[in-house]
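Read through the structure below, which is laid out as structure tokens, and then see the notes.
The values are calculated or read from the model by the stated rules, or taken from the named source; none is laboratory data. Computed from a prediction, not measured in an experiment: that's the story for all the values here. Glycine also receives a Cβ, built like all others from the backbone with ideal geometry; neighbour counts cover every protein chain displayed. When the accessible area is computed, the model is the full protein with side chains, heavy atoms only, and any ligands, DNA or RNA have been set aside. Shrake-Rupley method; radii C 1.70, N 1.55, O 1.52, S 1.80 Å.
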Amino acid sequence: STYSYAFKHFMPQEGWKDIIVSAGTLMGQTGISEMFKRGAVIQDRDLFRRYVISSIDAYNKASRLTMRYEQFGWKDDNHAFLWGRRLYTSTSVKTVAGSDEVNTRSKMLQPKPGGSLSAWSGIANTLFARDCEPHAFALLCSFAAPLMRFHSSDEGGAIVALVGKKGTGKTTAFEAAGSVWGDFRGLEINFFDTTVSRGVVLGVLSNLPVIYDEIDKQDVDVLRKFFAIFTNGRDRARGTR
């Protein structure tokens, strides 16, 4: 197991923000600079370290440790589901701590402030029209992605390819599918990502849908390897490390 510390930092113009730093980093030579990098101003380094150590001792005496999540999706033997930083169960919704990648993508994978479910539904329903069948199918696949967990536990999932000429609405379909969970960029694998980073994204998104736009621009051998890694499910486990 690895341990991290979570801090609450107040910014006058932005409100409260979470700063989560691994224990090894915080207590190492770069710990203070890491706090500065994330916006916290530490005026007395020695006093801050003593405060942290004292707080850890007090916390361990009074409370149990909490989980820091590395992946979205199903938790607790499929009795809970993590979307953004909200962990949903049959009886509650609570905010939890996440890894750096989870926290970054959580900013995009959440309801929009002032958003309207009825307005979204009205726009989404326009895709269920003649000649928009691929767009509607992509939207439904986004809802169905978490159910793949119960289809097969030893496979990465299913791949849906939207093929068509430029200007036929493929990006619109991606945006519609992504909007189910928030900003589609939170579900996206970038064309310029490395093989390793693509694997990490697959692992972190886990039971959520993954969007890979303009995949046809990749080399055929690169795609073949990526598909093989995805379908056998191995890189889905990489996000647990």
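Annotation for region 119-218: trypsin sites (Lys or Arg not before Pro) lying in DSSP loop with at most 10 further Cβ atoms inside 10 Å of their Cβ are R130, K165, K166.
Extension gain, Q13-Y88: 0.36 nm per intervening residue step, less the Cα-Cα distance, totals 24.0 nm.
Straight-line cross-link reach from K165 at under 19 Å between alpha-carbon atoms covers these lysines, not counting any fewer than eight positions away in the same chain: K217. The loop-placed trypsin sites (Lys or Arg not before Pro) in region 54-102, going by DSSP, that have at most 14 neighbouring Cβ atoms within 10 Å of their Cβ come out as R64. Multiplying the residue separation of I56 and I42 by 0.36 nm and removing their Cα-Cα distance gives an extension gain of 3.2 nm. Note on region 151-215: along the principal axes its Cα atoms extend 36, 28, 22 Å, ordered by decreasing extent. Using a probe radius of 1.4 angstrom, the carbon and sulfur fraction of the accessible surface of the chain is 55%.
Just to confirm the number: angle between the C-alpha axis of helix 45-62 and the first principal axis of the chain, 0 to 90 degrees, nearest 10? For helix 45-62, the angle is close to 80 degrees.
Would you kindly state the longest site-free stretch of the chain, with sites defined as chymotrypsin sites (Phe, Trp or Tyr not before Pro) in a DSSP loop (not H, G, I, E, B) surrounded by at most 15 other Cβ atoms within 10 Å? Answer - 4-127. Normalised by the number of residues in region 1-121, the average gap of Cα pairs under 8 Å and 6 or more apart makes the relative contact order 15 percent.
Of all the Cα-Cα pairs you can form in region 82-205, what percent are over 21 Å apart? The answer is 49 percent, as a whole percent.
Would you mind checking the pairs K107/K166; K8/K94; K8/K107; K8/K75 and listing those with alpha carbons more than 19 angstrom apart? Check vs 19 Å cut-off fails for K107/K166; K8/K75. Roughly how far apart, in whole Å, are the Cα centres of region 70-93 and region 104-136? Here the two parts' Cα centres lie 22 Å apart. When the Cα positions of I211, L139, F36 are compared along the charge dipole of the chain, F36 comes out farthest toward the positive end, with charges on each C-beta of Lys, Arg, Asp and Glu. The structure shown yields Kirkwood radius over Cα pairs in Å, and of the options (1) 20.2; (2) 24.6; (3) 21.5 that calculated value carries the label (1). Look at the alpha carbon pairs under 8 Å that are at least 6 residues apart: their mean separation over the length of region 108-181 gives a relative contact order of 42 percent.
Sequence gap at least 6, Cα distance under 8 Å: using those rules, report the relative contact order of the chain to the nearest whole percent.
Details: 288 pairs, mean separation 39.3, N = 241.
Contact order relative to length: 16 percent.
Amide H to amide H, with H built 1.01 Å from N, Y69 comes under 5 Å of A97, G98, S99, counting only residues 5 or more places away or on other chains.
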